[in-house]
Amino acid sequence: MTTDRPVALVTGASSGIGKETALALVAAGFHVVGTGRDTSRVTPLEGVTLLDLDVVSDASVTAAVQEVSERFGRIDVLVNNAGVGSMGAAEETSVAQAQAVFDTNVFGVMRMVNEVLPHMRARRGGRIINISSVLGFLPQPYMAAYAASKHAIEGYTESLDHEVRDHGVRALIVEPAYTRTGFEANSAKPEIPLHVYAKQRQTVDRVMAEAVRGGDAPAIVAKAIVAAATAPKPKPRYTAGPLAGRARVLRRLAPAAVFDKQIRKMNRLAG
Ligand SMILES: NC(=O)c1ccc[n+]([C@@H]2O[C@H](COP(=O)([O-])OP(=O)(O)OC[C@H]3O[C@@H](n4cnc5c(N)ncnc54)[C@H](OP(=O)(O)O)[C@@H]3O)[C@@H](O)[C@H]2O)c1
């Protein structure tokens, strides 16, 4: 089947930001394919075609993209939203744990991009929207592996954008701040808990849990993603919500010492 309507493929649409984004893209006029690792357990979303996809598996990525291409004949927008968190001090995080985070958050994105780009280039059009985070440009003590994965996505996406623009494709970044989803509960916990970090880790965990509880609704992020998908002249990056916007301004303009102090204060670290 081919369609005149634009087609959007959203990874991690079984919950949170991805679910809201899939629904918002339907409202914006897209055919939407939303994915999760086991969509038989997902409540159907109106107007969204659900498809199984595990972004850590080459075979799963290839099969899913092929199925979308065969069913719809086009992929106009790819939203790389699937992601996992990882809590704990850097020293408490094994290399295997960090590799698992990168396999989803970074290599999962690369797998999707490599598979979808030939389809976009063939039609000389398309948008790749990678969900980063304010932790793609801010440090986050006790979430170093996760922050590293989102910093990686920023460098990857900006570089990719310069390559694909010549082929009618854009690669864009959306940066949410704390958002009210199951993200924190779904985050990996430290594999090697060390007594020396326990007290401060619990404090930071509490700070994060409070921030997520009081954070933005996922619909705010979905709105930024729809803007990135539909703007006639898209910006390379979109912050989602006022806190993310303020964080970016602070990162750009605040003197290093002021910024450093603010990070320690927010995380209730001494000095
Ligand atoms: N919530 C926040 O405060 C926040 C802030 C900034 C950025 N973000 C980013 O926003 C994105 C969405 O997170 P969320 O807050 O909506 O969390 P969430 O509710 O936990 O959603 C994560 C989604 O990723 C999917 N997923 C996880 N591993 C996957 C894999 N290997 N293959 C395919 N899908 C996978 C999950 O689907 P299944 O489990 O069904 O497979 C789920 O749909 C992530 O990239 C996250 O880093 C979140």
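None of the figures in this text is laboratory data; all of them are computed from the coordinates on show. Please read all numbers here as calculations on a predicted model, not as lab measurements. Please note: Cβ atoms are built from the backbone with ideal geometry, for glycine as well, and neighbour counts cover all protein chains shown.
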Under a 10 Å cutoff between Cα atoms, tell me which one of Gly16, Gly155, Gly241 has the largest fluctuation in the Gaussian network model of the chain. Gly155
As an exercise, identify the GluC sites (Glu not before Pro) in region 1-85 lying in DSSP coil whose Cβ has no more than 12 other Cβ atoms within 10 Å. Glu46
What is the angle, in °, between the Cα long axis of helix 218-230 and the longest principal axis of the Cα atoms in the chain? Nearest 10 is fine, range 0 to 90. 50
The answer for trypsin sites (Lys or Arg not before Pro) in region 107-179 that fall in a DSSP coil and have at most 13 neighbouring Cβ atoms within 10 Å is Arg124
How far apart, in nanometres, would the label points at Gln202 and Gln99 be if each is projected 7 angstrom from Cα along the Cα-to-Cβ direction? 3.3
Relative contact order for the chain: what percent, with Cα pairs under 8 Å and sequence separation of 6 or more? 20
Using only the alpha carbons, work out the radius of gyration and Dmax of the chain in angstrom. 18.5, 62
Compute the acute angle (0 to 90°) between the alpha-carbon long axis of helix 242-253 and the principal axis of greatest extent of the alpha-carbon atoms of the chain; round to the nearest 10°. 70
Summed over the other residues with a beta carbon less than 13 angstrom from that of Thr181, with K and R at +1 and D and E at -1, the charge totals 0
Using the Karplus curve 6.51 cos²θ - 1.76 cosθ + 1.60 with θ = phi - 60°, what ³J(HN,Hα) values do you get for each residue of region 94-107, in whole Hz, with x for Gly and Pro? 6, 4, 4, 5, 5, 5, 5, 5, 5, 4, 7, 6, 10, 5
Cα-centred dipole magnitude for the chain, charges only on beta-carbon of K, R (+1) and D, E (-1), debye, nearest 20: 1040
